[in-house]
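Worksheet: the structure to be examined is printed underneath.
Values quoted throughout were computed directly from the atomic coordinates according to the rules given, and no laboratory measurement underlies them. Just so we're clear, the structure is a prediction, and the values are computed from it rather than from any experiment. Cβ atoms come from the backbone with ideal geometry, glycine included; neighbour counts cover every protein chain shown.
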Amino acid sequence: MKNIILIGLMMFLLVSCEKQEQRYFAGSAETKTFEEAVAAYESGNWEAWQGHFSDTAKIYVNSKDHVSVSDRVKELKELTAQMSSYGFDKEDQYIEMVIDKKKEKWVYYWAHHKGTLAANNKELSIPVHIAVQFTDGKITAEHVYFDGTEFSKALEEIAAANAEKEASESNEM
């Protein structure tokens with residue numbers, strides 16, 4: 001009887017120790033591609049940035065509604081034009097690739113986006129989370145999440161200062 005229990009226990013251990021498919025990766029071709037896209041963004045190389053996306057990619061920025069890659073490039077150009085410097089804090093970034101239950105490849109990225117507004121030299125640091133889906137080596141979906149409150153407040157301060165300056169100048173005339 002002891003042998004039967006021992007054999008049963010050994011069979012249970014063998015079955016339960018079956019090798020699991022790896023689903024989480026600290027480094028992969030997809031994380032490397034994403035890092036290249038980040039570098040292209042930081043250098044303002046919009047053609048290279050766009051080259052990492054499929055033609056039909058959908059980009060969601062704090063929204064359930066998507067924009068096209070070309071529309072996102074226009075938005076990013078407008079945003080970065082207001083900055084004298086910008087980029088992600090590499091020291092505290094975290095990146096991983098996950099293969100989900102549907103066998104889809106996703107890269108998840110957490111970092112602080114740092115930048116300096118050109119109009120008033122105000123430095124901003126905004127936490128960002130980006131989830132990027134890859135299909136055949138290209139980005140097919142990107143979800144960008146951040147709290148834009150700090151950036152909006154800084155732009156309001158610039159607008160108020162400009163309005164005050166214009167009012168002051170018109171009173172002098």
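The phi torsions of segment 149-157, fed into the Karplus equation with coefficients 6.51, -1.76 and 1.60 and a -60° offset, translate into couplings of 4, 4, 5, 4, 4, 5, 5, 5, 4 Hz, rounded to whole numbers, with Gly and Pro shown as x. Taking +1 at the Cβ of each Lys and Arg and -1 at the Cβ of each Asp and Glu, which of Val132, Leu155, Ser68 sits farthest along the dipole of the chain towards its positive end, judged by Cα position relative to the Cα centre? So the residue we want is Val132.
Structure shown: which of Lys58/Lys153; Lys74/Lys102; Lys114/Lys165; Lys101/Lys138; Lys58/Lys102; Lys77/Lys138 lie over 26 Å apart, alpha-carbon to alpha-carbon? If you can, show how the numbers build up before the last one.
On the way: Lys58/Lys153 28 Å; Lys74/Lys102 33 Å; Lys114/Lys165 28 Å; Lys101/Lys138 20 Å; Lys58/Lys102 19 Å; Lys77/Lys138 22 Å.
Pairs exceeding 26 Å: Lys58/Lys153; Lys74/Lys102; Lys114/Lys165.
Output the relative contact order of the chain, whole-number percent, from Cα pairs under 8 angstrom with separation of 6+ residues. It comes to 19 percent, rounded to a whole number.
With a 10 Å Cβ neighbour count serving as the proxy for reagent exposure, in which order, fewest first, do Trp110, Trp49 appear?
Numbers: Trp110 15, Trp49 22.
Fewest-to-most ranking of Trp110, Trp49: Trp110, Trp49.
For segment 130-173, the extents of the C-alpha atoms along the principal axes are 64, 18, 8 Å, listed from largest to smallest. With the largest listed first and rounded to whole Å, the semi-axes of the equivalent ellipsoid of segment 28-73 from the Cα gyration tensor are 18, 13, 10.
To the nearest ten degrees, helix 29-43 and the longest principal axis of the Cα atoms of the chain are 10 degrees apart. Working note: Karplus 6.51/-1.76/1.60 with θ = phi - 60° gives segment 161-172 the couplings 5, 5, 5, 5, 5, 5, 5, 5, 5, 6, 6, 6 Hz, where Gly and Pro are set to x. For Lys58, the residues 5 or more places off, or on other chains, whose built amide H falls under 5 Å of its own are Ala141, Glu142. Relative to the longest principal axis of the Cα atoms of the chain, the long axis of helix 2-16 lies at roughly 30 degrees. Applied to segment 118-123, the Karplus parametrisation 6.51 cos²θ - 1.76 cosθ + 1.60 on θ = phi - 60° returns per-residue 3J(HN,Hα) values of 5, 5, 9, 6, 6, 8 Hz, with x for Gly and Pro. Counted over all Cα-Cα pairs of segment 22-172, pairs farther apart than 28 Å make up 26 percent.
Between Gly51 and any residue 5 or more places off or on another chain, the built amide H atoms are never under 5 Å apart.
So what is the calculated 222 nm ellipticity per residue for the chain, using -39500 (n - 2.57) for each DSSP H run with n of 4 or more, over all residues, to the nearest 500 deg cm²/dmol? The helix-only estimate for the chain comes to -13500 deg cm²/dmol at 222 nm.
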